[in-house]
1. I'd like the full set of residues that are part of a strand (DSSP E or B) and surrounded by fewer than 23 Cβ atoms within 10 Å (Cβ to Cβ), limited to region 110-129.
2. Considering every residue within region 266-276, establish whether at least one is more than 21 Å from the chain's Cα centre (by Cα) and either modelled with pLDDT of 95 or more or under 25 Å from residue 160 (Cα atoms) (or both).
3. When you scan region 277-296, how many residues do you find that are among the basic types (Lys, Arg) and in contact (Cβ under 8 Å) with a residue 60 or more places away in the chain?
4. Determine whether residue 77 is surrounded by 18 or more Cβ atoms within 10 Å (Cβ to Cβ) and either touching a Phe, Trp or Tyr at 6+ places or on another chain (Cβ under 7 Å) or within 23 Å of residue 133 (Cα to Cα) (or both).
5. Only one of 283, 276 is in contact with a strand residue (DSSP E or B) (Cβ under 6 Å, 6 or more places away or on another chain) and not aliphatic (A, V, I, L, M). Can you tell me which?
6. Identify the single condition in (1) part of a helix (DSSP H, G or I); (2) of a type in the set (Phe, Trp, Tyr); (3) surrounded by 17 or more Cβ atoms within 10 Å (Cβ to Cβ) that residue 92 does not satisfy, given that it satisfies every other one.
7. How many of the residues making up region 297-338 are in contact (Cβ under 8 Å) with a residue 40 or more places away in the chain, under 18 Å from residue 277 (Cα atoms) and in a loop (DSSP other than H, G, I, E, B)?
Amino acid sequence: MIIEKDKVRKILCIKLRGIGDVILSTVVFNNLRKDFPNAKIDFLTESPSKAALEKLPFLNEIIVLDKKRKNSSLYYILKVRSGKYDLVLDFYSNPRTALITFLSGAKYKAGFPYKGRTYAYNLFGPQDRDKFHAAKLHLEFLKSIGLSYSSDELFFSLGQEDISFAENYFNETFDRRKPVAGISPSGGWASKKCDPEKFAEIADAISRRFSSEILLLWGPGDKSEADAIASCMKEKVHLAPATDIRKMGAMIKKCSFIVANDSGPMHIATAVKTPTLSLHGPTDPKLQGPFGDRHEYLRLDDLDCIGCNLLDCPKEHECFKNLPVDSVLGKIESLIKKNKIVIPLNEKS
């Protein structure tokens, strides 16, 4: 089926799960705007991701899927059907979203051809999602259904109040002559989180080597890790204030660079164009790492258990505990060089 682009006036994008997954799906927006400059674009997602999207100017409406709502499947089927969409792009393609798409009433219904779900679509993305980085997968999806896929820009919603908050905090907290290195201990699973002792060692080395201020970023559920890192550090550290996700994103944007686990804040950093070094153990950076050539990742690929994808480590967490700090510093030097970051190096470290 070929999409008649001039007949598409209303589009629904569907992407559930966490903030990082949703941010990676925003790579489609510039491409959709190119093909459908006058169409209204709505987005169906879950509550945690609403804040990442709601101030983006090219989105018309954000529909928040609440699984606890009584008769939720019927409610969202009727909600989507009432939207009278011409094109539904189901970038999630689980049984629930496949059914919503199938019953949407849209002429063009696109999704991934997963087993038991092909009934729902008349346009299909790639079969093998493990061949592509999670952001690139969305571009391959567009390519597969005959849409533009040339722009690889990610987006994250920031309002002026968020930007002002970050600017005021940085002006009041940091020496303007020094770079600010962000450290993010967030991670969706225990095994994805670098151990506090190792993160403290890394942060201390960054502070000394790059004469930098250290900003420990944290969100809901991360405060204990941030406190543990701060208590282990020998150099001066600033613990970020409690914020919402957009204000955290604005602070990340102000950082010279950030070191993060594979996490939502890591993807936020790439979306706000902050040079990012991600640390990986159980996950594959080629699939889930920071998207774009300006970033770096580090993983101990020689470990026989690397890339295990287990939620909890059955061993000693060697993938993080054994990370050489010199390798981390080397990756940061690469970040500095490729992004032309001006940093006074401290050769005595």
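1. Hits for region 110-129 are 123, 124.
2. The answer is no; no qualifying residue exists.
3. 1
4. Here the answer is no, as residue 77 does not meet what is asked.
5. 276
6. Only one criterion in (1) part of a helix (DSSP H, G or I); (2) of a type in the set (Phe, Trp, Tyr); (3) surrounded by 17 or more Cβ atoms within 10 Å (Cβ to Cβ) is unmet by residue 92, namely (1).
7. Count: 1.
One line per residue, one yes/no per condition, for (1) among the aromatic types (Phe, Trp, Tyr); (2) under 23 Å from residue 246 (Cβ atoms):
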residue: 155; (1), (2): yes, yes
residue: 165; (1), (2): yes, yes
residue: 180; (1), (2): no, yes
residue: 184; (1), (2): no, yes
residue: 188; (1), (2): no, yes
residue: 194; (1), (2): no, no
residue: 197; (1), (2): no, no
residue: 202; (1), (2): no, no
residue: 213; (1), (2): no, yes
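The values are calculated or read from the model by the stated rules, or taken from the named source; none is laboratory data. Remember, predicted model here, so these are calculated numbers, not experimental data. Because the Cβ atoms are built from the backbone with ideal geometry, glycine has one as well, and the counts that use them run over all protein chains shown.
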